[in-house]
Amino acid sequence: MRKNVIVIGAGASGLMAAAAAAQSGHKVTVLEKNEKAGKKIYITGKGRCNLTNDCATEDFFGYVVRNHKFLYSAVYGFDHEMVKDFFEKSGCPLKVERGNRVFPVSDHASDVTAALLRRLRGAGVRIEYHTGAAGILTEPEDDGAGGPDAPGPENAVLSEKGSGSGQGKRRVSGVVLKNGKKLPADAVILCTGGLSYPSTGSTGDGLQIARALGLEVTGTAPSLVPFETKEEWCRGLQGLALKNVAVRMFPLERELPEGDLQEGKGRRKKKEKPVYEAFGELLFTHFGLSGPIILTASCYCDFVRYPGGFRLELDLKPALSQDQLEQRLAREFAASPNRHLPGAVRPLFPARLAEAVTGLSGLGTERRAASFTEAEIRALAAMIKNIPVTVTGTRGYNEAIVTRGGISVREFNPSTMESRKIRGLFAAGEVLDVDAQTGGFNLQIAWSTGHLAGSSV
């Protein structure tokens, strides 16, 4: 049966949902409050749009931070190979780069949106720009009774208390716009995004609509976002990128001094476990730290649970053991006995980092290499392997790539993306409580959930 479908939001998941619903033969209208579609797509991947990741589908779920099991049907039903095929056939040639990241050959994110819009035009989908949705209209299900007294869109109301126990099953009947106008619909797909990059229109509209319908919305926070740090020396290295470093993150409130003994017991406390550890690229900024491993670290650092912040342990030479680093430093000092400390370690680091590291050591930057004892070299090596940095917070939603949290996945059937409470209501993309690491995985979630929602109407 051909249905009247309204998609709220012309982002990645919304455009894909519209394409899938239209392909199934439905009449589809997309409501977009911005002046154009895909505003967030345009800025992803630094304007190049890392639209998916070419890893094996079974490996994909390991990169999903929250609720990966909810995505099994969606991702296996429309995986990265199908996404690539979709865009290639829509006139957007693709290429695979380091880390299995997939980009348009043109390096223009606009080509991804253009490919989607071509599909929608060909399927007869109508997009209404400058059109914001204020709520979703529902009505009681008639259980097939029908007849002249059956409720219809003309008397449907916005559900303020949801459809929980005691209220009976409800169904979608339309959408109410911000200007008060009501549009009838047989199905609505909510694809409004989260709260990240609010300048693109992601201002939490969908979360408010979900709450008004009585759906559970989990706590939200910025994710894939840079860190602000307490230490001034980090900001002094602004613009410096390091490719091969390791970090470990610990909540400050759970810090356990190494070697403490439990009262009345002759064994040590359990070693403190990091909430996150990784090896890769890091970038110093004017506010603290960024770069791939820092963005991913933000997925695992809950500043709501730990408002005191986190301790980051930075290892500048993870490829070397403590002993190997001591031997390397001893050789460098012996080769340049008359150099001051920053110059003696210069072969190991960029100039600015050498100055910062030796300054942090407290060993005296004006001392010559020949004056250092074995114990001092050991202490310097230990510090290089474990530089403490105090992370006080994140840069917020304005710089967050995605949003942690959203509409609880318990509210939707993972096989269809349809609400368990309200028939005809679907959701997809970042509005849901599902997020992943950086590398194209979040856009894959958008394509997969959008496609499943649109196909399931």
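Values computed for the structure shown
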{"read-out": "Estimated FRET transfer efficiency when R0 is 30 angstrom, pair K273-S106 (beta carbons, to 0.05)", "value": "0.10"}
{"read-out": "Antiparallel bridges, percent of DSSP beta bridges restricted to the chain (to nearest 5)", "value": "75"}
{"read-out": "Given charges at beta-carbon only (K, R positive; D, E negative), |dipole| of segment 1-114 in Debye", "value": "480"}
{"read-out": "Two-site label geometry, T57 and L360: point separation in nm, points 7 Å out along Cα→Cβ", "value": "4.5"}
{"read-out": "Shape category assigned to segment 260-385 from the gyration tensor of Cα positions, a/c cut at 1.5", "value": "oblate"}
{"read-out": "Euclidean distance of C-alpha centroids, segment 58-76 and segment 297-323, integer Å", "value": "25"}
{"read-out": "Net dipole in debye of the chain [+1 Lys, Arg Cβ; -1 Asp, Glu Cβ; about Cα centre; nearest 20]", "value": "280"}
{"read-out": "Between segment 86-104 and segment 331-362, the Cα center-to-center distance that results, in Å", "value": "44"}
{"read-out": "S202, S456, S73 arranged by Cβ crowding within 10 Å, fewest neighbours leading", "value": "S73, S456, S202"}
{"read-out": "For segment 95-107, Karplus couplings with θ = phi - 60° (6.51, -1.76, 1.60), whole Hz, Gly/Pro x", "value": "9, 10, 10, 3, x, 6, 7, 9, 10, x, 4, 6, 6"}
{"read-out": "Computed FRET value (nearest 0.05) for K181 with M1, which takes r as the C-beta separation and R₀ as 25 Å", "value": "0.45"}
{"read-out": "Listed residue pairs exceeding 27 Å between alpha carbons, taken from K69/K178; K89/K178; K46/K84", "value": "K69/K178; K89/K178"}
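Here, each number is a calculation from the coordinates, and none is a lab measurement. Source: prediction; values computed, not measured. Note: ideal-geometry Cβ built from the backbone for every residue, glycine included; neighbour counts use all protein chains shown.
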